[in-house]
2 protein chains.
Amino acid sequence: MAGIEEVARLAGVSTATVSRALSGRGHVSAASKSKVLDAAAQLGYVVSSNASSLASGRTRNIGVVIPFLNRWFFSSVLEGAQGALLRHGYDLTLYNLSGDSGERASVFEHFLLRQRVDAVIAVSLELTEPEVARLHDLGKPLVGVGGPISGVRTLTIDDVAVARLATEHLLALGHRRIAHIGGDLENDLDFHLPTNRRHGYENALSDAGIEVDPRLFAPADFTIRGGFHAAKQLLGVPRDRPTAIFAASDEMAIGSILAARELGLVVPRDVSIVGIDDHDLADFFGLSTVAQFPRFQGEKAVEILMEQLEPGSDSAPPAATPLPFELRVRSSTATPPPA
Amino acid sequence: MAGIEEVARLAGVSTATVSRALSGRGHVSAASKSKVLDAAAQLGYVVSSNASSLASGRTRNIGVVIPFLNRWFFSSVLEGAQGALLRHGYDLTLYNLSGDSGERASVFEHFLLRQRVDAVIAVSLELTEPEVARLHDLGKPLVGVGGPISGVRTLTIDDVAVARLATEHLLALGHRRIAHIGGDLENDLDFHLPTNRRHGYENALSDAGIEVDPRLFAPADFTIRGGFHAAKQLLGVPRDRPTAIFAASDEMAIGSILAARELGLVVPRDVSIVGIDDHDLADFFGLSTVAQFPRFQGEKAVEILMEQLEPGSDSAPPAATPLPFELRVRSSTATPPPA
DNA sequence: TTGAAAGCGCTAACAT
DNA sequence: ATGTTAGCGCTTTCAA
């Protein structure tokens, strides 16, 4: 491993100039810069991040705290963030909080404090007041994705609007008995998300002059299996079966499709089903859904941090653009069967 | 942020003693140690990883290079590795190589060289000779998971044996016409894995005195969709339909189950289906499968590295124990229909 | 067992 | 625009 000194010697300049040329801070003549670049390339020089961080206080490393790795939304956000960081020359250090509360504590009391990261992205995590405060005291920027954190810049789709859109799609097709599979409250990772989606659903019904029937709600855990069981309940009733189901996630919607099939119902002829996400499998199952773009959310979180960490870089302005979502109509929704 | 000096002052010892007491290297009297621990706790002292790394050359950080984040096997390995590392006080820095070859180059030429990691775990990646050499030159231990890397300690299940086991399960039930859905060769991430599984399948058939019929092989891409289409081909033939399918992954097996259903076939009455993985969804679909334990593989990779990085720690001996796998019989396999 | 002090390799004032 | 140099906050010899 060649050091900065060797590069300086080979380029015939001082180490300070090498540092400046390589990091882009401060002015360096084009001539020196190219000499430095050549020398560095020739020696295969790569800056020692530790020495650099120690001297500068910047690590070029972002911590991502995330509760799941094996769920579509989360891995997509992570993928988006990782890609964006790589492009900016940043590393991503991963903290997967798998429920264990001791783990969570040690991450916040220890790992995040050892000056290894410049900023933190928290995915679908309701950070506590002290957790936020701790990061704030350290001067570490923090941005949330997909879960509201009080006092912190957070990227979330408008869950009420998304749910309303999905429900209105069904209403527009003529459905009146629309069931909803939402979150169960034990699933309190992010209490607001299922609640907001339920509100969107209820608002859409109310606006259409339809009374909300609590028997048409079934809770589940956002998995295929959960959606399957919930839909069995909803669709198995002998009379007044709903003609449509709006599930708060694509996985639950897919579970519902499978449940419908098992009950001998043809989707969408007998029952229409719509989800939220545009999961990888949605297309395969012909699922109509409201797409959100978690990858993009991860990228966006990075852009926001870059704005704060490297002001004056080329990143786009952090205008408070709402996150996009989009109805994707496939073959799981149609007009209801004639009464 | 309290520094080591403040801790030293409060504890009434030198910074050297604080360092020793906290890191556990070198001898410290019990008395000093407890004074140091108290002082550190009281001040909320956390060592600066940069300063520590710079001085010691150890980072307590492991790089994980992985091609996918959104697939069950990969996210499970990652989860296992992350958990194990956390327990050892290590951070995990993630490098997700999403196919882009420039990305891969920059990770190996740059990111991994900036002294930010003590070792590297490569998941299902065929590292090239120079890539391995580069890490080797830096003295960074490297361990592979799930893909053979020449000259590197690698954790992989015995794919031949696993496939043989799955196939023998079907044979034992009385099946004779057993189809196989394996990898397509474009899917060359890890060329050996599908090949080995195919060999295991073929070996089992041969040993049972059954001729391998190439028409009973269908390639797919390890996804549900891919398995679905492959199974449609296999099961849609008008005569001599196979009575069983062995799919090289659970996702493809699940696709096969869905395909069978669409063709009006009842699983396992009309066709038996077995996979490999014990994917999260296997249980839901009643899929018989050979379980591998990717989480465990991730943990194990960490243990091996710890052994090298912190000799004499408490880790288990790195005996060359083969990775476990296990047949899980559920409801997707049964005796074949009477001819 | 402990302390003093010399770095680890780089960055950022400051000076020129 | 460039060089000089004093740290960044620890760890680790070395000596006591």
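The values are calculated or read from the model by the stated rules, or taken from the named source; none is laboratory data. Since we're looking at a predicted model, the values are computed, not measured. Every residue, glycine as well, gets a Cβ built from its backbone with ideal geometry; the counts of neighbours run over all protein chains shown.
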> Which of (1) crowded, with 18+ Cβ neighbours inside 10 Å; (2) of a type in the set (Ser, Thr, Tyr); (3) modelled with pLDDT under 95 does B:Thr167 not meet, given it meets every other one?
Replying inline: (3)
>> I'd like to know if segment A:58-79 contains one or more residues that are out of contact with any strand residue (DSSP E or B) (no Cβ under 9 Å at 6 or more places or on another chain), within 13 Å of DNA strand C (Cβ to nearest atom) and part of a helix (DSSP H, G or I).
In response: no
>> Here are the criteria: (1) in contact with an Asp or Glu (Cβ under 8 Å, 6 or more places away or on another chain); (2) facing another protein chain (nearest Cβ under 7 Å); (3) over 21 Å from A:Ala84 (Cβ atoms). Tell me which single one B:Ala84 does not satisfy.
In response: (2)
> Restricting segment A:28-57 to residues that are surrounded by fewer than 16 Cβ atoms within 10 Å (Cβ to Cβ), in a loop (DSSP other than H, G, I, E, B) and within 40 Å of the chain's Cα centre (by Cα), which is nearest to DNA strand D (Cβ to nearest atom)?
Replying inline: A:Gly57
>> Quick check on this structure: which one of A:Glu79, A:Glu168 is of a type outside the set (Lys, Arg) and under 26 Å from A:Ser49 (Cβ atoms)?
In response: A:Glu79
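Which residues, taken from segment A:58-68, are closer than 29 Å to B:Arg58 by Cβ and surrounded by fewer than 21 Cβ atoms within 10 Å (Cβ to Cβ)? Before you say what the answer is, go through the steps one by one.
Our first condition is that a residue be closer than 29 Å to B:Arg58 by Cβ; within segment A:58-68, this holds for A:58-66.
Selection gives A:Arg58 alone.
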> Quick one: which of A:Leu287, A:Leu281, A:Leu235, A:Leu258 is of a type outside the set (Ser, Thr, Tyr), away from chain B (no Cβ under 14 Å) and closer than 25 Å to B:Ala282 by Cβ?
Replying inline: A:Leu235
> Among (1) crowded, with 19+ Cβ neighbours inside 10 Å; (2) more than 10 Å from chain A (Cβ to nearest Cβ); (3) closer than 14 Å to A:Leu86 by Cβ, where does B:Leu127 come up short?
Replying inline: (3)
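State all residues of segment B:282-295 that are in contact with a helix residue (DSSP H, G or I) (Cβ under 6 Å, 6 or more places away or on another chain) and not charged (D, E, K, R); if no residue qualifies, say none. If you could, list the steps in order and put the result at the bottom.
First, pick out the residues of segment B:282-295 that are in contact with a helix residue (DSSP H, G or I) (Cβ under 6 Å, 6 or more places away or on another chain): B:282, B:284-285, B:287, B:289-290, B:294-295.
Of everything in segment B:282-295, those that are in contact with a helix residue (DSSP H, G or I) (Cβ under 6 Å, 6 or more places away or on another chain) and not charged (D, E, K, R) turn out to be B:Ala282, B:Phe284, B:Phe285, B:Leu287, B:Thr289, B:Val290, B:Pro294.
Let's see how each residue does on (1) modelled with pLDDT of 95 or more; (2) surrounded by fewer than 18 Cβ atoms within 10 Å (Cβ to Cβ); (3) of a type in the set (D, E, K, R); (4) assigned to a loop (DSSP other than H, G, I, E, B):
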| position | (1), (2), (3), (4) |
| --- | --- |
| B:Val302 | yes, no, no, no |
| B:Leu305 | yes, no, no, no |
| B:Asp314 | no, yes, yes, yes |
| B:Leu323 | no, yes, no, yes |
| B:Ser331 | yes, yes, no, yes |
| B:Pro336 | yes, no, no, yes |
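With the structure loaded, tell me whether B:Asp100 is crowded, with 22+ Cβ neighbours inside 10 Å and either among the small types (Gly, Ala, Ser) or away from DNA strand C (no atom under 16 Å from the Cβ) (or both) or whether it fails that test.
Values: crowded, with 22+ Cβ neighbours inside 10 Å: no; either among the small types (Gly, Ala, Ser) or away from DNA strand C (no atom under 16 Å from the Cβ) (or both): yes.
No.
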>> Could you list, ordered by first residue, the pairs with Cβ atoms under 6 Å in which the first is in segment A:234-249 and in a loop (DSSP other than H, G, I, E, B) and the second is of a type in the set (Asp, Glu) and surrounded by fewer than 22 Cβ atoms within 10 Å (Cβ to Cβ), at least 6 apart or interchain?
In response: none
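Can you name every residue in segment A:250-266 that is part of a loop (DSSP other than H, G, I, E, B) and either among the small types (Gly, Ala, Ser) or within 30 Å of the chain's Cα centre (by Cα) (or both)? Outline the logic, then answer.
Restricting attention to segment A:250-266, the residues satisfying the condition of being part of a loop (DSSP other than H, G, I, E, B) are A:263-266.
Once the filter is applied, which keeps residues that are part of a loop (DSSP other than H, G, I, E, B) and either among the small types (Gly, Ala, Ser) or within 30 Å of the chain's Cα centre (by Cα) (or both), segment A:250-266 yields only A:Gly264.
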>> Condition first: within 11 Å of another protein chain (Cβ to nearest Cβ) and in contact with a Phe, Trp or Tyr (Cβ under 7 Å, 6 or more places away or on another chain). Can you find one or more residues in segment B:151-159 that meet it?
In response: no
> Looking at (1) assigned to a loop (DSSP other than H, G, I, E, B); (2) out of contact with any His (no Cβ under 9 Å at 6 or more places or on another chain); (3) within 10 Å of chain B (Cβ to nearest Cβ), which is the only condition A:Leu92 fails?
Replying inline: (1)
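Quick grid of which residues meet (1) more than 20 Å from the chain's Cα centre (by Cα); (2) in contact (Cβ under 8 Å) with a residue 24 or more places away in the chain:
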| site | (1), (2) |
| --- | --- |
| A:Gly151 | no, no |
| A:Thr156 | no, yes |
| A:Glu168 | yes, yes |
| A:Leu171 | yes, yes |
> Counting only residues that are more than 8 Å from DNA strand D (Cβ to nearest atom) and more than 17 Å from B:Ser56 (Cβ to Cβ), which one in segment B:8-27 is surrounded by the fewest Cβ atoms within 10 Å (Cβ to Cβ)?
Replying inline: B:His27
> Among the residues of segment A:238-246, is any among the acidic types (Asp, Glu) and either crowded, with 19+ Cβ neighbours inside 10 Å or modelled with pLDDT of 95 or more (or both)?
Replying inline: no
> Taking segment A:260-292, which residues are among the aromatic types (Phe, Trp, Tyr) and touching a residue at least 40 places away in the same chain (Cβ under 8 Å)?
Replying inline: A:Phe285
> So which residues in segment A:6-41 are among the basic types (Lys, Arg) and within 13 Å of DNA strand C (Cβ to nearest atom), if there are any at all?
Replying inline: A:Arg9, A:Arg20, A:Arg25
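When you scan segment B:95-124, how many residues do you find that are away from chain A (no Cβ under 12 Å) and assigned to a strand (DSSP E or B)?
Our first condition is that a residue be away from chain A (no Cβ under 12 Å); within segment B:95-124, this holds for B:101, B:119-124.
Pick out the ones that are also assigned to a strand (DSSP E or B) and you get B:119-123.
Adding up the residues that qualify gives 5.
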